[in-house]
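Notes for the one structure printed next.
The values are calculated or read from the model by the stated rules, or taken from the named source; none is laboratory data. The structure displayed is predicted, hence computed values, not measured ones. Cβ placement follows ideal geometry from the backbone for every residue including glycine, while neighbour counts extend to all protein chains displayed. Protein only, heavy atoms only, side chains kept; ligands, DNA and RNA dropped before computing areas. Shrake-Rupley method; radii C 1.70, N 1.55, O 1.52, S 1.80 Å.
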Amino acid sequence: MTIRVRGTAAAVAAAAAVGGAVAGGGAAPARALEADATLRYACAFPSGTSHAVGVRVRAEFPAGGTAGEPVRPGRATVTATVPAAAVAAGDVAAGAASVAGTAGLAVVAAQNGTSTPTMWAGLSAPAVPVVEGADLVLEASGDVPPVTPAGTGDLTFGAAALTLNLDPRDARGRTPEGAKPVAVACEPVADQDVTLATVPVASGPSRASEAPAAPPGASAAPRAAAPPAEEAPGETPKECGTYEGPDTTWMSGCIYLAGFSNVTKLDGATVVNDPEFADPALTNVIYKITSTGAELRQRFVSPLRSRSTFLTFGLMPTTATMELTQAPLEPGGPVYGAVEAITNLETGIQTVEAHMKMSIRIYDVSVKGTPLDVGDRCRTEVPADLELSGTMPNILQGGVLDGTFAIPRFEGCGAAEDLDPLFNGTVAGSDNLLRVTLGSTCIPFAQISCPPVLPEPSRSGSAAG
């Protein structure tokens, strides 16, 4: 099955480490690196069967790059061959006269011991006829968006998971009524070299108006990545990657996040997922590549807790524990947090929009050191609706999201007296800022960015440029 890859979000961070740019309108590099790798994949089909699929990846990479400068790799082609046995078994598209498709290739960019997962998304293939007894070959091609390496040193690109969506067509080239694409998830077979290309990245000339270039040996992470993280724990949490997607096109992983939440009425802020108070809550994620970037779903493994002190009415020190418990976006629905990353094909930067709902509970309250019994049911009447946004080089690498939200009214507060009016008057209200920093996504099956680390919460907003 032949697929000419159309790189999009994947090449964002992948090429990001590549460096030497092909300037728009300027001269191309004197020579280029021609990647041509023949790989073996094991693909799981919806019927439950697995078939070996040969995949050939060809792409043109710059001969060299410069740290801190955007890189524009050339056109790429991926050729994958689905064996005749899979076609005959009806695993591809039973009864179809032809098959079109889309594909996405996960790529890992590694530099100086640091690996960054990237995605080549939106790979489309025109329809090809289904011939009895023959392998099925599709082809999709396109351009790879630019990326920007932060450091110097050899940058190596390696092929990872491949996702195929096969679209059956009838004899007139149309999608039959009621027909759905066949989703196929493929993993590279172990014990083979999956390297696509290695691009040397050198330091660029220093400029007084810019920050100094990263020293040799610096991470391959693009500019404006998440702030420095704390030291990683010894092992990947056992809960990491246990969140499963609706089909095999989704891949799983986990992250830690940290941040700040302002309470406007109290003129103060509290730390979100504060490790000084309790073990930080892990966030499970599933993600898939799309024609425009990436789509993610997230769900916290446990509630987020923190403890803060505010000056109630501007004079009474009040200390309380805040607990955030995630709620589904729709009552009883399976989706808890939805995230979409759209890649700008000119800059390679992703615009990220996130939506989640959190129920807020307050307990263990004291006023001027005297306990205030609020009971164990003091929480918001409805979950707070959180919509956050930001820009970053790659959602899987992490970054900063922020937005304002309303704290709903409270109910059930007070064990011996009705304290709802107290919390509604001092806490509930609009225009509360929430800023969270996402760490890099730990992808257990490939041991990328594992174990996950808890990032330092950023006090400044998102900036990826």
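Annotations
- Selection within the range 121-158 - at pLDDT 70 or above, open to solvent by 10 Å² or more (accessible area, probe 1.4 Å) and in a loop (DSSP other than H, G, I, E, B): Val130, Val131, Glu132, Gly133, Ala134, Asp135, Glu139
- Hits in the range 269-281 (condition: open to solvent by 10 Å² or more (accessible area, probe 1.4 Å) and assigned to a loop (DSSP other than H, G, I, E, B)): Asp274, Pro275, Glu276, Phe277, Ala278, Asp279, Pro280
- Matching residues in the range 78-111 - criterion: being more than 30 Å from the chain's Cα centre (by Cα) and buried (at least 22 other Cβ atoms within 10 Å of the Cβ): Ala86, Val87, Ala93, Ala96
- Among (1) open to solvent by less than 20 Å² (accessible area, probe 1.4 Å); (2) free of Cβ contacts under 8 Å to residues at least 40 places away in the same chain; (3) over 29 Å from the mean Cα position of the chain (by Cα), the one test that Ser306 misses: (3)
- Breaking point among (1) part of a strand (DSSP E or B); (2) open to solvent by 20 Å² or more (accessible area, probe 1.4 Å), for Glu330: (1)
- Qualifying residue in the range 171-185 (condition: open to solvent by 10 Å² or more (accessible area, probe 1.4 Å), assigned to a strand (DSSP E or B) and at pLDDT 85 or above): no
- Qualifying residue in the range 63-86 (condition: at pLDDT 85 or above, closer than 29 Å to Ile395 by Cβ and assigned to a loop (DSSP other than H, G, I, E, B)): yes
- Considering residues of the range 339-354 that are open to solvent by 30 Å² or more (accessible area, probe 1.4 Å) and part of a strand (DSSP E or B) only, the residue nearest to Lys288 (Cα to Cα): Glu340
- Here the condition is being under 20 Å from the mean Cα position of the chain (by Cα), surrounded by 14 or more Cβ atoms within 10 Å (Cβ to Cβ) and at pLDDT 85 or above; of Ser219, Ser252, it holds for Ser252 alone.
- Among (1) in contact with a helix residue (DSSP H, G or I) (Cβ under 9 Å, 6 or more places away or on another chain); (2) modelled with pLDDT under 80, the one test that Thr114 misses: (1)
- Filter result (at pLDDT below 90, part of a loop (DSSP other than H, G, I, E, B), small (Gly, Ala, Ser) and open to solvent by 20 Å² or more (accessible area, probe 1.4 Å)) within the range 408-465: Ala415, Ala416, Ser440, Ser449, Ser460, Gly461, Ser462, Ala463, Gly465
- Scanning the range 373-407 for residues that are more than 17 Å from Leu434 (Cα to Cα), among the aliphatic types (A, V, I, L, M) and either part of a strand (DSSP E or B) or open to solvent by less than 30 Å² (accessible area, probe 1.4 Å) (or both) returns Val374, Met392, Ile395, Leu396.
- Leading residue by the ranking (farthest from Ser359 (Cα to Cα)) among those in the range 292-303 that are open to solvent by 20 Å² or more (accessible area, probe 1.4 Å), at pLDDT 85 or above and not aliphatic (A, V, I, L, M): Glu295
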